[in-house]
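The values are calculated or read from the model by the stated rules, or taken from the named source; none is laboratory data. Since we're looking at a predicted model, the values are computed, not measured. Because the Cβ atoms are built from the backbone with ideal geometry, glycine has one as well, and the counts that use them run over all protein chains shown.
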Amino acid sequence: MTVPVVDGTTWRVVGAPLVRPTGTGSLDGETVAVKDLYAVEGQRVGAGNPAWLEQAGLEPRHATVVARLLGAGAAVAGIAQTDEFAYSLAGTNAHHGTPPNPRAPGRISGGSTSGSATAVASGQATIGLGTDTGGSIRVPAAYQGLWGIRTTHGAVPVDGLLPLAPSFDTVGWLARDAALLGRVGDELLPPDTVSPGRLVTSPELTALADPAVAGAVGTIPAAPIEWPLATMPDWLGAMQALQAWEAWQQHGPWLEGRLETLGADVRSRFVRASSITPEVAEAAREEVGRAREAIAALLGDDVLLLPSASSVAPPLDDPAALDAVRQATMQLTCLAGIGGRPAVSIPVSTADGRPAGACLVGPRGSDRALMALAATLAP
């Protein structure tokens, strides 16, 4: 059997397939690009960093979500590249390069589920298994015109997943259509515990995005609500501080003395993370808790419509813009992360035809219904 030629920007390892299904079911014939954070039996977890990959051992068993997909009839096409330790939203890995964006050539793919997204957008796989801590499903979905879901925090098992920040890490996946997104959910998600309420939107939040993206999201009708924008910088700052603290607790012991193995952007985040004190982390945790309560009071069981990312995919040749875009986007993506809420990204297009994302943020435990609602709203 011929093994496909590996595009090293998209895949770390690929097979024909890499792992065959272990059962039959609703995912018969589907293929999965597994983000290089999940355990695949007999393979190593590379986390987007060659030095980490070199010292990693072979995994003795599949991560639970990988095993469930295989049991439902899907095959693992390969292990897809990721931003280093999933600590980025760009997809611009310093070691293996940037996966191409088939829907927007010459623009970044979006991270950190970059390889999985490109594999799906280019037709090399039908399902992109990834993670979402601060937007790592929603951003590549928006940039590449895909459907994507960040699940309710804690709803899907994370055993066999290399963590970044456990308070925010969630399992997520991407597909080219809403029907397949939902079928994957049937295999991975528990039954819903909450029914989503009305669809609402905040003009103030939507206006945080570029006008072209805000216009595309605005084509979906929703009831307007007010949102306290003045609190957003504090909420985002607290989330980023707590995320950084947890990231250093997870990876700092290994990274000490090895920070030079990281690309400049991710290295700068880990350097900052190393300086956060327990007192600062505890204050951030308390602020995140207050923000979570405020979001619950504002939304209840309603579903919030907002942009998945603040802009279309930035050009590859403008690296200086990436940090500004990251901060603007995280003002939007942090709400689901802080609230532990599910979020579904719907592909939309700007007036000039570029891919963008409209995001639905639902109440905790409404993941299945949220995907069903999203399917009815596709332009």
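Collect the residues in the stretch 19-41 that are touching a strand residue (DSSP E or B) at 6+ places or on another chain (Cβ under 8 Å) and outside any strand (DSSP E or B), keeping them in residue-number order. If you could, list the steps in order and put the result at the bottom.
Restricting attention to the stretch 19-41, the residues satisfying the condition of being touching a strand residue (DSSP E or B) at 6+ places or on another chain (Cβ under 8 Å) are 19-21, 27, 30-41.
Result: R20, P21, L27, E30, D36, L37, A39, V40, E41.
Can you pull out the residues in the stretch 164-177 that are within 29 Å of E30 (Cα to Cα) and surrounded by fewer than 21 Cβ atoms within 10 Å (Cβ to Cβ)?
Answer for the stretch 164-177, where residues must be within 29 Å of E30 (Cα to Cα) and surrounded by fewer than 21 Cβ atoms within 10 Å (Cβ to Cβ): R176, D177.
Determine whether E260 is assigned to a helix (DSSP H, G or I) and farther than 30 Å from P314 by Cα.
Spelling it out, it is not the case that E260 is assigned to a helix (DSSP H, G or I) and farther than 30 Å from P314 by Cα.
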Can you tell me which condition A320 does not meet? The list is (1) under 26 Å from G148 (Cβ atoms); (2) among the aliphatic types (A, V, I, L, M); (3) at pLDDT below 95, and all the others hold. (1)
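Looking for whichever is at positive phi and either without any contact (Cβ under 8 Å) to a residue 12 or more places away in the chain or not basic (K, R) (or both) here; the options are G362, G340. Which one fits? Full working, then the answer.
On the way: G362 fails: at positive phi.
Selected residue: G340, the only one of G362, G340 that is at positive phi and either without any contact (Cβ under 8 Å) to a residue 12 or more places away in the chain or not basic (K, R) (or both).
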Only one of (1) assigned to a helix (DSSP H, G or I); (2) closer than 21 Å to D323 by Cβ does not apply to Q249, and that is (2)
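So is D7 surrounded by 14 or more Cβ atoms within 10 Å (Cβ to Cβ), assigned to a loop (DSSP other than H, G, I, E, B) and not hydroxyl-bearing (S, T, Y) or not? Before the answer, list the steps.
Working: surrounded by 14 or more Cβ atoms within 10 Å (Cβ to Cβ): yes; assigned to a loop (DSSP other than H, G, I, E, B): yes; not hydroxyl-bearing (S, T, Y): yes.
The answer is yes for D7.
The rows are residues; the columns are (1) in a loop (DSSP other than H, G, I, E, B); (2) farther than 24 Å from P190 by Cα; (3) free of Cβ contacts under 8 Å to residues at least 40 places away in the same chain.
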{"residue": "A51", "(1), (2), (3)": "no, yes, no"}
{"residue": "E54", "(1), (2), (3)": "no, yes, yes"}
{"residue": "V66", "(1), (2), (3)": "no, no, no"}
{"residue": "T82", "(1), (2), (3)": "yes, yes, no"}
{"residue": "S88", "(1), (2), (3)": "yes, yes, no"}
Evaluate the following for A16: is it aliphatic (A, V, I, L, M) and either over 21 Å from the mean Cα position of the chain (by Cα) or in a helix (DSSP H, G or I) (or both)? yes
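Results for (1) at pLDDT below 95; (2) surrounded by fewer than 19 Cβ atoms within 10 Å (Cβ to Cβ); (3) under 26 Å from A47 (Cβ atoms), shown as yes or no for each residue.
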{"site": "P196", "(1), (2), (3)": "no, no, no"}
{"site": "S202", "(1), (2), (3)": "no, no, no"}
{"site": "A207", "(1), (2), (3)": "no, yes, no"}
{"site": "E256", "(1), (2), (3)": "no, yes, yes"}
{"site": "A273", "(1), (2), (3)": "no, no, yes"}
The stretch 217-237, residues that are in contact (Cβ under 8 Å) with a residue 60 or more places away in the chain, hydrophobic (A, V, I, L, M, F, W, C) and closer than 29 Å to S88 by Cβ: V217, I220, W227, M232, W235, L236
Residue under question is R12, and the condition is that it be touching a strand residue (DSSP E or B) at 6+ places or on another chain (Cβ under 8 Å) and exposed (fewer than 14 other Cβ atoms within 10 Å of the Cβ); does it hold? no
Could you say whether any residue in the stretch 147-154 is within 30 Å of S274 (Cβ to Cβ) and of a type in the set (F, W, Y)? no
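I'd like to know if the stretch 25-32 contains one or more residues that are over 20 Å from V120 (Cα atoms) and either of a type outside the set (V, I, T) or surrounded by fewer than 15 Cβ atoms within 10 Å (Cβ to Cβ) (or both). Steps first, please.
The initial filter retains those residues of the stretch 25-32 that are over 20 Å from V120 (Cα atoms), namely 25.
Remaining after also requiring either of a type outside the set (V, I, T) or surrounded by fewer than 15 Cβ atoms within 10 Å (Cβ to Cβ) (or both): 25.
Scanning the stretch 25-32 turns up at least one residue that is over 20 Å from V120 (Cα atoms) and either of a type outside the set (V, I, T) or surrounded by fewer than 15 Cβ atoms within 10 Å (Cβ to Cβ) (or both).
Can you tell me which of R364, R341 is buried (at least 23 other Cβ atoms within 10 Å of the Cβ), of a type in the set (D, E, K, R) and under 21 Å from L189 (Cβ atoms)?
Working: R364 fails: buried (at least 23 other Cβ atoms within 10 Å of the Cβ).
Step by step, each of R364, R341 is checked, and only R341 is buried (at least 23 other Cβ atoms within 10 Å of the Cβ), of a type in the set (D, E, K, R) and under 21 Å from L189 (Cβ atoms).
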